[in-house]
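Shown next, in structure tokens, is the structure this report addresses.
The values are calculated or read from the model by the stated rules, or taken from the named source; none is laboratory data. Fair warning: this is a prediction, and the values are worked out from it, not measured in the lab. Note that each Cβ is placed from the backbone with ideal geometry, even for glycine, and that neighbours are counted across all protein chains shown. Just so you know, the surface numbers come from the protein's heavy atoms only, side chains and all, with ligands and any DNA or RNA stripped out. Shrake-Rupley method; radii C 1.70, N 1.55, O 1.52, S 1.80 Å.
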Amino acid sequence: MPPACPSPGDLRALVLATLQRPEQAAILTPGQWSLVVPLARQSGLLARLCVALETAGMLERIPEAPRRHLEAARLVADHHRHDLLIELRRIADTLEPLGVPVVLLKGAAYAAAGLPPARGRTFSDIDLMVPRTALEQAESALMLAGWVAAKTDPYDRAYYRRWMHQLPPMRHLRRLTVIDVHHAIAPPTARHRVDPAPIFAASTPLADLKMRIPAPEDLILHSASHLFNEGVFTHALRDLWDIDLLLRHFSQESEFRHRLAERARLLGLTDPLARALFHARQLFDADASPSIPWRNRSVMALLFDRALLPAHGLCRTWPTSLALGALYLRGHWLRMPLRLLLPHLARKGWLEVRQGVRAEPHMPHRTRTQCADDLR
Amino acid sequence: MTAIAAIDRADLARLMAGPGLAFRAGPFTVRVRSSLAGMVDHFATLYADHDVQDNDAFVDFDFSLDRIGGPRGWLRPLAVLRFDTKRLFEPLPLEQAPAMMEWGLNWAIATHALHFLILHAAVIARDGRALVLPGPPGAGKSTLCAALIHRGWRLLSDELALVSLHDGLIHPIPRPVSLKGQAIDVIRGWAPQAVLGRRITATRKGDLSLMRPPAGSHGDVERPARPHRVIFPQYLAGPPPRLSPRPRAESAIELARNGLNYGILGRAGFHALIDLVEQCDCYDFTYGELDDAARLSESW
């Protein structure tokens, strides 16, 4: 750790300030760049930072060494997007014969529709949604085209099929892309079930692909629901940034905010929407009214604020780990009734312990170390 | 700039356990933190001639190497390598920590240095002209490279050929040379003055030892070299050594196969590769004895 390390909150502020006020990037010291680059990279924001600096005409003015990293991140993001669009075409061709609506979700939707969050973004799994009645046919069609179940554990597969709102992830044999086929945007077992029918009904077709994307309100609500209800915060800051970009983009139309609130009420997602708006305003709104003192914030707001820190070791202090743990449990609690949750968590806990004491380290995960193996 | 050798060993240990050792590796600045004695030895011995960098300079790659904590650590002493504080690779026995460091740095460069076309190849140079020795592990490129750098050639790299997308020159990044299996004893005999790190046993690729780059590699560390020749080496005991020309088109394809970031560079990578091949005569070279290779290399 570099000497005299700033607090996690300060580190986040440094990254966000550079993103929001790129014209000031020229005054960052090399030491500050040594913090900004890894923090942004681990948060999935490095390519976005490159785009922001380039748009502001600042990219050429920052020192060469950090600039190389920004440009490399953007190159990777462009590559991902290029590959993603090709992959979407393949998926569209595979599922078209089924004759059912196929709705792209999250990152894939942003990329296919050319929305602001797609710029400077990396994409991992491809999320899409089909009607529940078409789930098995979709799975068969994908298997015939080369996608196989990525999880081999029978418990995991059963978990997904019975309780969750998606099939187990499917990975393509050769291309290694992963698809998550959903039938709803929230688990059917969840405390607050979200009916997928209105989402299908309001979806719109894409111009050049035989697939659909959710209405703007639903894109935002799904992203908010995913971020605040599922307990997974791998790219939390970036996901919130996506929501902020979408809000700004669609709010150009005067009635949008009103429709968004109505839609949230209809789908039962007012809680995640409220959280999204609150945290986006706290973190991204340059003209935010003086921030509420910590004493007056709710416990949940404090926990989520921690979860929205950059996913880098310098921000992963013990209070953050505690907050993440608590929110992870909450995410599960929201997803499953207690009678299902307790055995599920007990099993997960046992697996962690067993793996921890096993003498042999297990096989490295392929995508992390595939390149590394070539280098030994 | 001071070299790592100028730092007192106790101070080096304190530095590495605290803010970390920042040093230049070719065009990059690397910072490593570690509380492991083996890692202090690694840098003191094998990176002795590398320049130290101030801790407030921009750091390209940040690593830490520590003993694994918790119940798992009590059962078996394992080392964990982290890049940007994130775990890279599965934990391995402590004695393999130096190897993890080198693999980790290779990975970081290949993944993030996208202003270079990076080939899996050794690169040596004479009179400003570079000889590229591509090859997958086992072909003998590291051994050949380790031998020739003690017979008048300058080491640019034993693992990663950094071909600039901007000007097509190959940029030096002298680092410890990997010697595997029998090559360890062969090179000890060939170059008794060479400094080798501890022999690491039972890695996934057998025994491994790392060799310090000769001091001469560093004086020219800022000077890239123009690609001149590509030679695909293959160790073959028995038959006499053979150098045979290889068609450029075929060589280009083989080089692309040895490309570590070729795919992601797209068109720019393709053009850089073609430019390189057009400038170079390409050959296959089979050899069984280093003496033969050294003798023949006089004319390369």
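Laid out as a table, the results:
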read-out	value
Positive-pole candidate from B:252, B:238, B:77, dipole of chain B, charges at beta carbon	B:77
Relative contact order %, segment A:1-152, counting alpha carbon pairs below 8 Å whose residues are six or more apart	21 percent
Residue-normalised accessible area of segment B:155-300, given per residue in Å² at a 1.4 Å probe	47 Å²
Reduced Cα scattering model of the protein assembly as shown, Debye log10 I(q)/I(0), q = 0.07, 0.08, 0.09 Å⁻¹	-0.53, -0.69, -0.87
Mean-position separation - Cα centroids, segment B:17-75 and segment A:111-151, in angstrom	41 Å
Estimated vicinal HN-Hα couplings, Hz - segment B:64-71 in sequence order (Karplus 6.51, -1.76, 1.60; Gly, Pro = x)	9, 9, 9, 6, 5, x, x, x
Amide proton proximity set for residue A:203, modelled H, under 5 Å, gap of 5+	A:215
Cα-based convex hull, chain B, per residue volume (Å³, whole number)	129 Å³
Surface share of carbon and sulfur [accessible, 1.4 angstrom probe, percent] for the protein assembly as shown	54 percent
Sorted largest first, extent of segment B:1-126 alpha carbons per principal axis (Å)	50, 33, 28
In sequence order, calculated HN-Hα J values of segment A:300-315 (Karplus, 6.51, -1.76, 1.60; Hz; x Gly/Pro)	4, 4, 5, 5, 5, 4, 5, 5, 8, 7, x, 7, 10, x, 5, 9
For chain A, alpha-carbon Rg over 2.2 N^0.38 Å	1.01
Segment A:23-34 - phi-based ³J(HN,Hα) in whole Hz, Karplus 6.51/-1.76/1.60, Gly and Pro as x	5, 8, 5, 5, 8, 5, 7, x, x, 5, 4, 5
Interface residues in segment B:62-97 - accessible area drops by 30 Å² or more relative to the isolated chain, probe 1.4 Å	B:72, B:75, B:76, B:84, B:85, B:86, B:89, B:90
Modelled label reach - residue A:234, point 7 Å along Cα→Cβ, segment A:160-189 residues with backbone N closer than 17 Å	A:160, A:165-172, A:176-182
For segment B:21-116, accessible area per residue (1.4 Å probe, heavy atoms of protein chains only), Å²	30 Å²
1.4 Å probe, heavy atoms, protein only - residues of segment B:113-128 losing at least 20 Å² accessible area vs chain alone	B:114, B:115, B:120
Buried area at the A-B interface (accessible, heavy atoms, 1.4 Å probe, summed, Å²)	3500 Å²
Semi-axes of the equivalent ellipsoid for segment A:190-242, Cα gyration tensor, largest first, Å	23, 16, 8
Top positive-direction residue, dipole computed over chain A with Cβ charges, set A:167, A:267, A:91	A:167
Cα-centred dipole magnitude for chain A, charges only on beta-carbon of K, R (+1) and D, E (-1), debye, nearest 20	980 debye
Per-selection Rg to Rh, segment A:61-157 - Cα, Kirkwood hydrodynamic radius	1.10
Nearest-20 debye value, the protein assembly as shown charge dipole, Cβ charges on Lys, Arg, Asp, Glu	1800 debye
Euclidean distance between Cα centres, segment B:228-300 to segment A:156-210, Å	49 Å
For segment B:187-289, convex hull of alpha carbons as volume per residue, Å³	171 Å³
Convex hull volume of segment B:121-253 per residue (C-alpha atoms, cubic angstrom)	127 Å³
Alpha-carbon centroids, segment B:93-120 and segment A:7-23: separation in whole Å	29 Å
Helical mean residue ellipticity (222 nm; -39500 (n - 2.57) per DSSP H run of 4+; nearest 500) of chain A	-18000 deg cm²/dmol
Expected-Rg normalisation [2.2 N^0.38 Å, Cα atoms] applied to segment A:161-229	1.24
Solvent exposure of segment A:1-109 as accessible area per residue, Å², 1.4 Å probe	41 Å²
